[in-house]
Amino acid sequence: MSPTLPLTGTRILASEQYGAGPYGTMFLAQLGAEVIKLEPPKGGDSARATGPYFLGADDSLFYQTFNLNKRSLTLDIRTQSGKAVLHRLVAKADAVTNNARGDLPAKLGLDYAALGRVNPAIVCVHASAYGREGPRASWPGYDYLMQAEAGFMSVTGAPTDPPTRFGLSMVDFITGTMLATATLAGLKEAAATDKGRDFDISLLDAALHQTSYPAYWYLNEGFVTGRAERSAHPSVTPSQTFRTADGWVFVMAQLAKFWVLLTDALGVPHLQGDARFATMPARLENRDALTTILDGIFLQHPTAHWVAKLGGIVPVAAVNDLAQALDGAGDMVDTVAHAARPEGLRVLSNPIRIDGARLPNRASPALGADTQAILDEAGFTSAEIAALRADGTV
């Protein structure tokens, strides 16, 4: 990996599985950190067995999604011999992350109380469903549950739909991003003070934080944001989808100037002087009438016409399906070498650029692919490694 990457020389041990934790540490790995994924010797990360698309034994497209650029060490940290290996690795590491159930980090010895005795500068970052304290610390939890509890499903979809979740696991992804942010903050502090500590983020807290301005509207004005037709913005219009001759387009006239530019571009500047639409509050009050008028215009041409006509003038985008979005994603799609795909495995690029360049990618590691090398690097003898393999520790 290029020595110019900003986290080169940083070693992070990650006891993780499935989505949120691995998503966050993948960012750190792509930015140059050596992320050592600690996996149970039998089966490894449960994501390896998550279908429907597999890449041979103990590998899947789902697993590849969250583990690019990492190393894999099989290690049973529940055993005394496993804890001894963990401590030898922690002594030369900078951070330890996990996304275990809230009551497990203390039981597994993954918190600062346990690891700070080994390495006072170690940064311990925990991402759990409901936190490590409180009555639900021992509860398992997943993204969709947080979307339900944090109110996301009440503001997603059309007003007549049943409670509807996002089509993607956005709570996992933002929690992982917060895990990465906390890790970076901890590393910076530890570099200055030679002392680490615990950092915590929970799926539920992350979800609640994402309720953002509707939360402030409710907390301060008692206003409960609901759903709107056409995926419309709750307080600004036109900021929604419109039907075209062959699909849909999303237009966002968030500012007064964009309303003027939009109506000029559509050839209906007279709407600017219509009392129903002359101000933003008036447009919101008369959203249905305005939608009918604008639908009549947008239906005259296909989506591509409107994107070409309005693009760069007002905020506009085609409403794509996933295939259309990815087929047009350019260098956001990368190809990495993988034994199961001679033609290469297509993966997503990291969205961060450094000096204009995409970050390098390599395929997610096979289960235990780096166990021997990591133990060698840590100073374990051949006899010690053989014993660890014999008793199932690695």
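Structural remarks
- Some residue of region 228-250 being open to solvent by 20 Å² or more (accessible area, probe 1.4 Å), more than 27 Å from Phe166 (Cα to Cα) and more than 34 Å from the chain's Cα centre (by Cα): no
- Hits in region 28-73 (condition: among the β-branched types (Val, Ile, Thr), touching a helix residue (DSSP H, G or I) at 6+ places or on another chain (Cβ under 6 Å) and open to solvent by 10 Å² or more (accessible area, probe 1.4 Å)): Thr50
Listed here are the residues, each with its yes/no results for (1) within 28 Å of Gly151 (Cα to Cα); (2) without any contact (Cβ under 8 Å) to a residue 12 or more places away in the chain.
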site: Val236; (1), (2): yes, no
site: Gln240; (1), (2): yes, no
site: Met252; (1), (2): yes, no
site: Ala265; (1), (2): no, no
site: Asp274; (1), (2): no, yes
site: Asp295; (1), (2): no, no
site: Pro302; (1), (2): no, no
site: Ile313; (1), (2): no, no
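- Of all residues in region 266-281, those being loosely packed, with under 10 Cβ neighbours inside 10 Å and not in a helix (DSSP H, G or I) number 2.
- Residue tally, condition among the hydroxyl-bearing types (Ser, Thr, Tyr), touching a helix residue (DSSP H, G or I) at 6+ places or on another chain (Cβ under 9 Å) and more than 16 Å from Glu229 (Cβ to Cβ), over region 262-310: 2
- Region 52-67 residues that are in contact (Cβ under 8 Å) with a residue 40 or more places away in the chain, paired with ones that are charged (D, E, K, R) and assigned to a helix (DSSP H, G or I) (beta carbon under 7 Å, 6 or more apart): Asp58/Arg48; Asp59/Arg48; Tyr63/Arg48
- For region 312-347, the set of residues classified as surrounded by fewer than 14 Cβ atoms within 10 Å (Cβ to Cβ), of a type in the set (Val, Ile, Thr) and closer than 28 Å to His301 by Cβ consists of Ile313 only.
- From the list Asp194, Asp198, the one residue that fits, being assigned by the TED database to the domain that holds Asn119, open to solvent by 50 Å² or more (accessible area, probe 1.4 Å), touching a Phe, Trp or Tyr at 6+ places or on another chain (Cβ under 9 Å) and not β-branched (Val, Ile, Thr), is Asp198.
- Of all residues in region 230-260, those satisfying the criterion of being in a helix (DSSP H, G or I) and closer than 16 Å to Ala317 by Cβ are Arg230, Ser231, Phe258.
- Top-ranked residue in region 9-22 [being more than 17 Å from Asp200 (Cβ to Cβ) and hydroxyl-bearing (Ser, Thr, Tyr); ranked as surrounded by the most Cβ atoms within 10 Å (Cβ to Cβ)]: Thr10
- Hits in region 181-216 - residues which are farther than 30 Å from His233 by Cα and touching a helix residue (DSSP H, G or I) at 6+ places or on another chain (Cβ under 7 Å): Thr183, Gly196, Arg197, Asp198, Phe199
The values are calculated or read from the model by the stated rules, or taken from the named source; none is laboratory data. These numbers come from a predicted model, not from an experiment. Quick reminder, even Gly has a Cβ in these numbers, built from the backbone with ideal geometry, and neighbours come from all protein chains shown. In case anyone asks, the SASA skips ligands and DNA or RNA and just uses the protein heavy atoms, side chains included. Shrake-Rupley method; radii C 1.70, N 1.55, O 1.52, S 1.80 Å.
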